[in-house]
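Visitor: Have a look at this one before I ask anything.
The values are calculated or read from the model by the stated rules, or taken from the named source; none is laboratory data. These numbers were taken from a predicted model, which means no experiment stands behind them. For neighbour counting, all protein chains shown are included, and Cβ atoms are generated from backbone atoms with ideal geometry for every residue, glycine included.
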Amino acid sequence: MEDSGRYAAINATLRRLEQYATLPPFCRAFYRLIYELLGDPEIDSAKLRQAFHVFLRCECRRHQTVCRIVRDGNLDLEKIIRSGRQTHDLLEWLARSLRQMKCDAPQQETVRQLLLAECDYHLGHTTEVVHELRRALRLGCDHPLVHFALGYNLYTGAVQKFTAAGERKGTVAVKNPAAFQSACRQAISAFEQGLGDDDYDGQIYWWMGLIWEILGERHSACGAFRRAMETDPDNFSEPSSEKLRLLEAQPPPLRTAAEIERLSKLSPITEEELRATREMLAACDSFPSVFFE
């Protein structure tokens, strides 16, 4: 009876959280997924339900603070920082508690990993999020939302690890092109594993198109954007049409992605090679005939 009451309280808190316009659609769906998994009779864990309830209450407090700031129009920086620190500390405590929790049944362990992934996502621990989502998938949680979350965090991790601010304001420079491309392709592969559900396919195709575009694979990007339009015309018809218009108007790339990757694997030109080239050119009285060919 007590556990049944806890589950009802979780539902009430989740419904209250869903009323906030600041709650992203993905989080709304992901939290519902965790709630439904906790309703499985095989998941008999009061501790997991309590942990999820604490997480939802923390989220309610955070979104309530944001909505109050938007409504009042008063940017109290001290209050914002204090609220952010409280949320951060609570999530860190919850993540530590979840890591110490022992779950014997695979279903319980799946929920624990998903909850940990949510905590670590809000804490900015992308590497841990990827590990936890992969663990949940290995345990059998083959849901489009989990594949989507994995793809998104793999891409986010690639940006964090292999890019930096460019010389011009608002630009980004890739520090390791080969590693960045490899990580992006892993993200696309994760997205592909989540296809097959009309409720999520449009969003997945859209993100695949964005990453293909970043990789310079325009043909694949256009194909993904077209599928996003076809799968979910209400949400992606207009943005995908704009993407296709811009991509198809661009001139062909000077180098293919495969060529860029091949060149990135070449070692830097050494001082010895530069010296030998200078000496060779200095010894020439005229251009070699092959140059004009």
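Visitor: Which one of Leu98, Leu90 is touching a residue at least 12 places away in the same chain (Cβ under 8 Å), surrounded by fewer than 21 Cβ atoms within 10 Å (Cβ to Cβ), outside any loop (DSSP other than H, G, I, E, B) and aliphatic (A, V, I, L, M)?
Guide: Details: Leu98 fails: surrounded by fewer than 21 Cβ atoms within 10 Å (Cβ to Cβ).
The conditions single out Leu90.
Visitor: Looking for something buried (at least 16 other Cβ atoms within 10 Å of the Cβ) and touching a strand residue (DSSP E or B) at 6+ places or on another chain (Cβ under 6 Å) - is there at least one such residue anywhere in the stretch 217-238?
Guide: no
Visitor: Would you list the helices (runs of 4 or more DSSP H) that sit entirely within the stretch 154-240 and hold 2 or more residues that are of a type in the set (Val, Ile, Thr)?
Guide: Values: elements: 177-193, 201-214, 218-231.
Here the list reads 201-214.
Visitor: A further question on this structure: I'm told Tyr152 meets every condition in (1) closer than 18 Å to Ala117 by Cα; (2) over 11 Å from the mean Cα position of the chain (by Cα); (3) outside the structural domain of Val111 (by TED's automatic domain parsing) except one. Can you identify the failing condition by its number?
Guide: Failing condition for Tyr152: (2).
Visitor: Looking at the stretch 110-117, can you tell me whether even one residue there is more than 23 Å from Lys161 (Cβ to Cβ), exposed (fewer than 13 other Cβ atoms within 10 Å of the Cβ) and among the charged types (D, E, K, R)?
Guide: Within the stretch 110-117, the subset more than 23 Å from Lys161 (Cβ to Cβ) is 110-112, 114-115.
Pick out the ones that are also exposed (fewer than 13 other Cβ atoms within 10 Å of the Cβ) and you get none.
No: zero hits.
Visitor: For the stretch 160-187: of the residues being out of contact with any Gly (no Cβ under 8 Å at 6 or more places or on another chain) and hydrophobic (A, V, I, L, M, F, W, C), which is nearest to Arg134 (Cα to Cα)?
Guide: First, the residues of the stretch 160-187 that are out of contact with any Gly (no Cβ under 8 Å at 6 or more places or on another chain): 160-171, 174-182, 184-186.
Cutting the leftovers down to hydrophobic (A, V, I, L, M, F, W, C) gives us 162, 164-165, 174, 178-180, 184.
Numbers: Phe162: 21, Ala164: 27, Ala165: 30, Val174: 26, Ala178: 23, Ala179: 20, Phe180: 20, Cys184: 16 Å.
In this case the residue turns out to be Cys184.
Visitor: Which one of Gln19, Gln50 is surrounded by fewer than 17 Cβ atoms within 10 Å (Cβ to Cβ) and not in a helix (DSSP H, G or I)?
Guide: Among Gln19, Gln50, only Gln19 is surrounded by fewer than 17 Cβ atoms within 10 Å (Cβ to Cβ) and not in a helix (DSSP H, G or I).
Visitor: Does any residue in the stretch 118-143 that is on the phi > 0 side of the Ramachandran plot come within less than 9 Å, Cβ to Cβ, of a residue that is at pLDDT below 95 and surrounded by fewer than 17 Cβ atoms within 10 Å (Cβ to Cβ) six or more places away or on a different chain, and which pairs are these?
Guide: Correct list of pairs: Gly140/Pro106.
Visitor: Quick one: what pairs do we get from the stretch 47-61, first residue without any contact (Cβ under 8 Å) to a residue 40 or more places away in the chain, second buried (at least 20 other Cβ atoms within 10 Å of the Cβ) and hydrophobic (A, V, I, L, M, F, W, C), C-beta under 8 Å, 6+ apart or different chains?
Guide: These pairs meet every condition: Cys58/Leu91; Cys58/Leu94.
Visitor: I would also like to ask the following. Out of the stretch 115-162, which residues are over 20 Å from Leu195 (Cβ atoms) and touching a Cys at 6+ places or on another chain (Cβ under 7 Å)?
Guide: Passing the criteria: only Ala158.
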